[in-house]
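The values are calculated or read from the model by the stated rules, or taken from the named source; none is laboratory data. Everything quoted here is computed from the prediction, not taken from an experiment. Here the Cβ is made from the backbone with ideal geometry for all residues, glycine too, and neighbour counts use every protein chain on show. In case anyone asks, the SASA skips ligands and DNA or RNA and just uses the protein heavy atoms, side chains included. Shrake-Rupley method; radii C 1.70, N 1.55, O 1.52, S 1.80 Å.
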Amino acid sequence: MVFLVTESYVLDKTNLDRNLLSHNLKASMILAQKVNVTEILGDKLVDKIYDEINAGTLSGNYKSLVDNYLVDVVTYWTLYYATTNLLSKISNRGLQQEFSENSSQSDITVYRTLKSEFKNLAEYFSQRANKWVYMNRGLFPEYVFCGTDGEMGASPKNKFFGGLVL
């Protein structure tokens, strides 16, 4: 799997504890890329970017897209997904909540508030990336709205929610 960001980058840019183990963050990073980045770009453009990264030839408009937009998308969706993943663990003994003797468990309202805030940030960066790539779609011949052969096309729609519903 090609990663657009590293675990260190996510830990540096967010309020996640620097002592998190790699496997605690990887699943969220994979989900952010497979779901959210693919939804914005579609399969063909994502595959093109991954191929360029693998070959070590990522440059020009593709590099600008990754560095200026997709890195933020992956970082904040990773944070959103990790919030749930870090709340509890599924093991052979069932669903478990972990906390050490030096910490106290947060109230569920704190969890919901953080989850909502992370989602709004992630949606903001997704919409920003979506808008930029759509406005510059002529730079990316792989950016298509209708996929073929079971591929997912890009989804250039506004999903940003910036307010509170009472």
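In table form, for the structure just shown:
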| quantity | calculated |
| --- | --- |
| Net charge of neighbours whose Cβ lies under 12 Å from the Cβ of Asn54, counting Lys and Arg as +1 and Asp and Glu as -1 | -2 |
| Ranking by accessible area, most exposed first, for Thr57, Thr75 with a 1.4 Å probe | Thr57, Thr75 |
| Over the range 4-65: Rg over Rh, Cα atoms, Kirkwood Rh | 1.02 |
